[in-house]
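A short write-up of the structure that comes next.
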Amino acid sequence: MMIPITSLLTFAINIAIPSAAGVGAVVGTTLIPLLLRAGFKPAAAAAAVLMGTTGSLLSPGLSHNAYVSDMAHMSIMDLISYHGIYSLMIGVVGAVGLCIVCWVLGDNKGEKMAEANPAADAETSSFKPSPIKAFVPLIPIILMLVFTFWIPSVKMGVAPAMLIGTIVCLIVAMCDPQQFSKQFFKGMGDSYGSIMGIIIAAGVLAAGLTASGLIKGLIALMVQSKEIAQWGGSIGPFVLSVLMGSGDAGAMAFNSAVTPHAQEFGMQIHSLGSLAFLAGAAGRTASPIAGITILVAGLAKANPFDVAKRTFLPMVVAVILLAIFMR
């Protein structure tokens, strides 16, 4: 049960920390040594954390939620309410599927290298966890959920919720306000640069595909059947993400080029757009060349391809379910 519990715990934390690499570094440094000590093979320990990195799909801070909601002319929270059950399905199917795969492969039998590093344990032994500080990153999420579902008269957007959370963080941390503000704006700049870079790169790719005539042919094929559109909107971004190692680039390119034409083949923009980036996240989780895969594999001293072997099949099942049920 440690495998699915680790995945679901990572999934929950990834909602508050939407960066896959960020949550992998935070959770992996704690749970991977724990799983190794419990007797799991390194690849299984790394895969358990990797499988939970789809939790960011439920985060209002995820760039895809903002991009698709703007395209569909709806609020971010309304979009999350629409695809929330399917995002949870990916997390549950991934956790349960990984548990089955690890059981079949005998990953609970462990290996000689499945040992925690005593020196690392000695270095972190002075750390004292703070439940209050651990709770602070959840404040923006809680504020948006409360005001969206229980107090709808108050319009709580992403920016106000994040600013309130930041103020609470400053009060709880009791740190130098000058250094705090520098780190705050540095984080904003890095995030903005990364997101804009992805959007620009996806736009260039979409323009190239359009100029080559590929997008026109793809749309003509999708117009023939809604089923073709659904399978194309799921399998396409999934395969691109596996090959590219990024769940953002493939899904963003698809949503830039194809999703605006969703109504032409009997679908809604918010449904096709959500399907594309959910499938893209699943593809990234199944990719051996994704940055987060390499990160958790390094923490466990495992081969990234061995890690991806354990996440690939559950993610394929999740994408098939998305194509069948997501309308």
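The values are calculated or read from the model by the stated rules, or taken from the named source; none is laboratory data. Because the structure is predicted, anything quoted here is derived from the model rather than measured. Cβ: placed from backbone, ideal geometry, glycine included. Neighbour counts: every protein chain shown. Only protein heavy atoms, including side chains, enter the accessible area calculation; ligands, DNA and RNA are left aside. Shrake-Rupley method; radii C 1.70, N 1.55, O 1.52, S 1.80 Å.
Out of the residues in the range 294-320 meeting the condition of being surrounded by 24 or more Cβ atoms within 10 Å (Cβ to Cβ) and of a type in the set (V, I, T), tell me which one is farthest from A45 (Cα to Cα). Filtering first and then ranking leaves V319. The one condition from (1) at pLDDT 90 or above; (2) surrounded by 24 or more Cβ atoms within 10 Å (Cβ to Cβ) that A251 does not meet is (1). The residues of the range 228-248 that are within 18 Å of A66 (Cα to Cα) and open to solvent by 40 Å² or more (accessible area, probe 1.4 Å) amount to a single one, D248. Just so you know, in the range 269-293 the residues that are modelled with pLDDT under 90 and in a loop (DSSP other than H, G, I, E, B) include one that is most open to solvent (accessible area, probe 1.4 Å), and it is I289. For K309, are the conditions met, namely being more than 18 Å from the chain's Cα centre (by Cα), on the phi > 0 side of the Ramachandran plot and at pLDDT 85 or above? For K309, the condition - more than 18 Å from the chain's Cα centre (by Cα), on the phi > 0 side of the Ramachandran plot and at pLDDT 85 or above - is not met.
Is one or more of the residues making up the range 172-179 under 17 Å from T259 (Cα atoms) and either β-branched (V, I, T) or at pLDDT 90 or above (or both)?
Checking the range 172-179: not a single residue is under 17 Å from T259 (Cα atoms) and either β-branched (V, I, T) or at pLDDT 90 or above (or both).
Counting only residues that are assigned to a helix (DSSP H, G or I), open to solvent by 40 Å² or more (accessible area, probe 1.4 Å) and either closer than 13 Å to K309 by Cα or of a type in the set (A, V, I, L, M, F, W, C) (or both), the range 27-49 holds 1 of them.
Pairing residues of the range 288-307 that are of a type in the set (D, E, K, R) with residues that are open to solvent by 50 Å² or more (accessible area, probe 1.4 Å) and outside any helix (DSSP H, G or I), at Cβ distances under 9 Å and at least 6 apart in sequence or on separate chains, gives K301/M113.
Only one of these is free of Cβ contacts under 8 Å to residues at least 60 places away in the same chain and either buried (at least 24 other Cβ atoms within 10 Å of the Cβ) or touching a Ser or Thr at 6+ places or on another chain (Cβ under 7 Å) (or both): G94, G52, G24. Name it.
Going through G94, G52, G24 in turn, the sole match is G52.
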